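The values are calculated or read from the model by the stated rules, or taken from the named source; none is laboratory data. Nothing here was measured: the structure is a model prediction, and the numbers come from that model. Because the Cβ atoms are built from the backbone with ideal geometry, glycine has one as well, and the counts that use them run over all protein chains shown. All accessible areas refer to the heavy atoms of the entire protein, side chains included, with ligands and DNA or RNA removed. Shrake-Rupley method; radii C 1.70, N 1.55, O 1.52, S 1.80 Å.
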Amino acid sequence: MSQVSAEFVPARVAILTVSSRRGEEDDTSGHFLQEAAHEAGHQVVDKAIVKENRYAIRAEVSRWIASDDVQVVLINGGTGFTAGDQVPEALQPLFDREIAGFGEMFRMLSFEEIGTAMMQSRAVAGIANDTLIFAMPGSTRACRTAWENIIAPQLDARTRPCNFHPHLKK
């Protein structure tokens, strides 16, 4: 199977904001991810906001993993170091395989922006039921860093030498 395509192939994306404070009107990071995915040519098929509760997070992500309509889940928020930040714990039981390089690369890029504070980021990614899941901090700046430098290129079937497109559910 070829790892690259000569043309852009849109992915079906769902966006989850994890916050006990934000609503749809002030979900700046969720709005950024929605606009960025749309501008890149992807189809945003669902969007939700859930409270900082690992079971609520896991339930929403599980619904999308089981759906044939969702190929990629973008999660913002809940990846910090406080007791309320539970996204990694919510996601890890769901992963068929973790994508360790995402968190490593995100923290490397974040070091250039925020210095050693990047150590408190627990950004994670993995694949479950042929659905890619990327979880990043809730700041719009962090979402931009992850999207522009890591996620967007890896969702583009034209990226060489490889990308995640061949691993997505059809």
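If contacts are Cα pairs under 8 angstrom and at least 6 residues apart, what is the relative contact order of the chain in percent?
Reported as a whole number, the value is 29 percent.
Classify region 40-170 as rounded, prolate or oblate, taking a ≥ b ≥ c as the square roots of the eigenvalues of its Cα gyration tensor: rounded when a/c is under 1.5, otherwise prolate if a/b is larger than b/c and oblate if not.
oblate
Can you give the extra length, in nm with one decimal, that the chain gains between Arg21 and Asp130 once fully stretched, where that is 0.36 nm per residue apart less the Cα-Cα distance?
Gain in length upon complete extension: 36.1 nm.
Would you compute, from DSSP H runs of 4+ residues alone, the mean residue ellipticity of the chain at 222 nm, taking -39500 (n - 2.57) per run and dividing by the full residue count, rounded to the nearest 500? List each step's numbers first, then the result.
On the way: 6 runs with 57 residues, N = 170.
For the chain, the value works out to -9500 deg cm²/dmol.
Short version: ³J(HN,Hα) in whole Hz for each residue of region 120-133, in order, from phi by Karplus 6.51 cos²θ - 1.76 cosθ + 1.60 (θ = phi - 60°), x for Gly and Pro, what are they?
8, 8, 10, 4, 9, 8, x, 10, 9, 6, 6, 10, 7, 10
So how far apart, in nm, are the two label points at Arg97 and Lys169 if each is 7 Å from Cα heading toward Cβ?
1.8
Subtracting the Cα-Cα distance from 0.36 nm times the residue separation, let me have the gained length for Tyr55 to Ala6 in nm, one decimal.
The span from Tyr55 to Ala6 would gain 13.6 nm if fully extended.
Can you tell me what share of the DSSP beta bridges in the chain is antiparallel? A percent to the nearest 5 is fine.
Working: 7 of 24 bridges.
Antiparallel bridges: around 30 percent, rounded to the nearest 5.
How would region 1-60 be classified by its alpha-carbon gyration tensor: rounded, prolate or oblate, with rounded meaning a/c under 1.5 and the a/b versus b/c comparison settling the rest?
The shape class here is oblate.
How charged is the neighbourhood of Thr82? Take every other residue with its Cβ under 11 Å from the Cβ of Thr82, and add Lys/Arg as +1 and Asp/Glu as -1.
-1
Dipole of the chain, Cα-centred, from +1 at each Lys and Arg C-beta and -1 at each Asp and Glu C-beta, to the nearest 20 debye?
Here the chain has a charge dipole of around 280 debye.
Suppose we take every Cα in region 113-170 and form the convex hull; what volume per residue is that in Å³?
Cα convex hull per residue, to the nearest whole number: 101 Å³.
So with the 1.4 Å probe, I'd like the accessible area per residue for region 12-167, rounded to whole Å².
Heavy-atom SASA per residue in region 12-167 reads 47 Å².
I'd like to compare 125-137, 146-158: which one has the highest average count of other Cβ atoms within 10 Å, and what's the full order after that?
125-137, 146-158
Round to the nearest 10 and give me the degree value, 0 to 90, for the angle of helix 100-114's Cα axis relative to the longest principal axis of the chain.
That works out to roughly 60 degrees.
With label points built 7 Å along Cα→Cβ from the Cα atoms of Gln43 and Glu113, find their separation and express it in nm.
3.0
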